[in-house]
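Before any comments, here is the structure.
The values are calculated or read from the model by the stated rules, or taken from the named source; none is laboratory data. Since this is a predicted model, take the numbers as computed values, not measurements. Virtual Cβ from ideal backbone geometry, glycine too; neighbours counted across all protein chains shown. We work out accessible area using only protein heavy atoms, side chains counted, and drop any ligands, DNA or RNA first. Shrake-Rupley method; radii C 1.70, N 1.55, O 1.52, S 1.80 Å.
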Amino acid sequence: MNKQAKTDVAFSATEPEIRTALAQFLISEFGGPKPLLASEVRYGSEQRRADLVLINEYSHAFEIKSDYDTTVRLSGQLEEYSQTFDYTLVVTTSAHIDRVRKIAPRKVGLLLYKNGAVTLLRRPQQSKRLSKPHLAASISKTTLLEALPNIRRATSAEQVRDIAATTLTTPTLRSLFFQEMHHRFAKSSALFFSETDFQLNIEDLSLLRREARLYS
């Protein structure tokens, strides 16, 4: 490897560095009551993982593309996000920003990581067409059964999700999805805010990966 290549690698932005700067940005951006923050959140019909999720009165999903990532799967990821979350945003570096602009629809927000900080380039627009199957797939069987009292507990999780997507309204499923996120991540999010100060480091983000035990 030549000297120039070594220099490029040394200054390349990694996913943990961007995730930490993003969390720092969100803490300063969302004042007042602490939102729910979670990392590596499973969601949707394909059980993808959102790099970072913020929940207040709306759901926000953040996809990180570091210098070590590619944008090959980005289009599909954004489609899945937009059917599950109210707002979708991509956080990336100068190496990918032009490509991301071409791939991401106008409703997707854009943030740029540079010199250790995140700045907002384009505000997201709210998704108006959330998918009932995608929302149902993001909710545990236990939570869904609370809204489906006539369904037997012996019914499989897949069948319960199919029934929920068919019989429940989008607002109801969205509300249950929020309930699910709080069930899974409220404790870890509260711990994160109680044990960290305004200056975050990479180790602090491990607190956001502590997920409550999932039901099927």
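Confirm whether Leu120 is among the hydrophobic types (A, V, I, L, M, F, W, C) and open to solvent by less than 30 Å² (accessible area, probe 1.4 Å).
So Leu120 fails the test.
Hey, among the residues in the stretch 156-165 that are touching a residue at least 24 places away in the same chain (Cβ under 8 Å) and surrounded by fewer than 17 Cβ atoms within 10 Å (Cβ to Cβ), which one's nearest to Ser127 (Cα to Cα)?
Filtering the stretch 156-165 for residues that are touching a residue at least 24 places away in the same chain (Cβ under 8 Å) and surrounded by fewer than 17 Cβ atoms within 10 Å (Cβ to Cβ), the one nearest to Ser127 (Cα to Cα) comes out as Asp162.
Within the stretch 197-205, can one find any residue that is within 28 Å of Lys107 (Cβ to Cβ), touching a residue at least 24 places away in the same chain (Cβ under 8 Å) and not hydroxyl-bearing (Ser, Thr, Tyr)?
Among the residues of the stretch 197-205, at least one is within 28 Å of Lys107 (Cβ to Cβ), touching a residue at least 24 places away in the same chain (Cβ under 8 Å) and not hydroxyl-bearing (Ser, Thr, Tyr), which makes the answer yes.
Restricting attention to the stretch 60-89, report how many residues are under 15 Å from Val118 (Cβ atoms) and not in a strand (DSSP E or B).
Residues in the stretch 60-89 being under 15 Å from Val118 (Cβ atoms) and not in a strand (DSSP E or B): 2 in total.
Can you name the residue in the stretch 22-79 that is hydroxyl-bearing (Ser, Thr, Tyr) and open to solvent by less than 60 Å² (accessible area, probe 1.4 Å) and, of all such residues, is farthest from Val90 (Cα to Cα)?
Looking only at the stretch 22-79, we keep the residues that are hydroxyl-bearing (Ser, Thr, Tyr), and these are 28, 39, 43, 45, 58-59, 66, 68, 70-71, 75.
Adding the requirement that they be open to solvent by less than 60 Å² (accessible area, probe 1.4 Å) leaves 39, 43, 59, 66, 71.
Details: Ser39: 15, Tyr43: 17, Ser59: 14, Ser66: 11, Thr71: 11 Å.
Step by step, filter the stretch 22-79, then rank; the result is Tyr43.
Select the helices (runs of 4 or more DSSP H) contained entirely in the stretch 90-200, then report the ones holding at least 3 residues which are basic (Lys, Arg) and on the phi < 0 side of the Ramachandran plot.
Passing ranges, in order: 97-103, 170-195.
Residues are listed down the side, and each one gets a yes or a no for (1) free of Cβ contacts under 8 Å to residues at least 60 places away in the same chain; (2) crowded, with 22+ Cβ neighbours inside 10 Å:
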| site | (1), (2) |
| --- | --- |
| Arg99 | yes, no |
| Tyr113 | no, yes |
| Ser140 | no, no |
| Ala154 | yes, no |
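Would you check if there is a residue in the stretch 62-76 being under 18 Å from Ser175 (Cα atoms) and either out of contact with any Ser or Thr (no Cβ under 9 Å at 6 or more places or on another chain) or not hydrophobic (A, V, I, L, M, F, W, C) (or both)?
In the first step, residues of the stretch 62-76 are kept if they are under 18 Å from Ser175 (Cα atoms); the result is none.
Checked the stretch 62-76: no residue is under 18 Å from Ser175 (Cα atoms) and either out of contact with any Ser or Thr (no Cβ under 9 Å at 6 or more places or on another chain) or not hydrophobic (A, V, I, L, M, F, W, C) (or both).
As an exercise: evaluate Phe193 against (1) touching a residue at least 60 places away in the same chain (Cβ under 8 Å); (2) buried (at least 18 other Cβ atoms within 10 Å of the Cβ) and give the number of the one condition it does not meet.
Unmet for Phe193, out of (1) touching a residue at least 60 places away in the same chain (Cβ under 8 Å); (2) buried (at least 18 other Cβ atoms within 10 Å of the Cβ): (2).
Search the stretch 11-32 for residues being assigned to a helix (DSSP H, G or I) and aliphatic (A, V, I, L, M), and hand back the single one that is modelled with the lowest pLDDT.
Taking the stretch 11-32 and keeping what is assigned to a helix (DSSP H, G or I), we get 15-29.
In the following step, the residues that additionally are aliphatic (A, V, I, L, M) were identified as 18, 21-23, 26-27.
Values: Ile18: 94, Ala21: 93, Leu22: 94, Ala23: 90, Leu26: 90, Ile27: 85.
If we take residues in the stretch 11-32 being assigned to a helix (DSSP H, G or I) and aliphatic (A, V, I, L, M), then Ile27 is modelled with the lowest pLDDT.
I need the full set of residues from the stretch 17-40 which are of a type in the set (S, T, N, Q) and in contact with a Leu (Cβ under 6 Å, 6 or more places away or on another chain), in order please.
Thr20, Gln24, Ser39
I'd like to check something: does the stretch 68-86 contain any residue that is modelled with pLDDT of 95 or more and touching a Phe, Trp or Tyr at 6+ places or on another chain (Cβ under 7 Å)?
Yes, some residue in the stretch 68-86 is modelled with pLDDT of 95 or more and touching a Phe, Trp or Tyr at 6+ places or on another chain (Cβ under 7 Å).
Please state which one of Phe193, Phe178 is aromatic (Phe, Trp, Tyr) and modelled with pLDDT of 95 or more.
Numbers: Phe193 fails: modelled with pLDDT of 95 or more.
None of the other options fit; the residue is Phe178.
Hey, can you tell me all the residues within the stretch 12-35 that are closer than 17 Å to Ser206 by Cβ and either in contact with an Asp or Glu (Cβ under 6 Å, 6 or more places away or on another chain) or touching a residue at least 60 places away in the same chain (Cβ under 8 Å) (or both)?
Of everything in the stretch 12-35, those that are closer than 17 Å to Ser206 by Cβ and either in contact with an Asp or Glu (Cβ under 6 Å, 6 or more places away or on another chain) or touching a residue at least 60 places away in the same chain (Cβ under 8 Å) (or both) turn out to be Pro16, Glu17, Ile18, Arg19, Thr20, Ala21, Leu22, Ala23, Gln24, Ile27.
Please verify whether Val90 is of a type in the set (Val, Ile, Thr), modelled with pLDDT of 95 or more, surrounded by 17 or more Cβ atoms within 10 Å (Cβ to Cβ) and within 16 Å of the chain's Cα centre (by Cα), treating the condition exactly as stated.
yes
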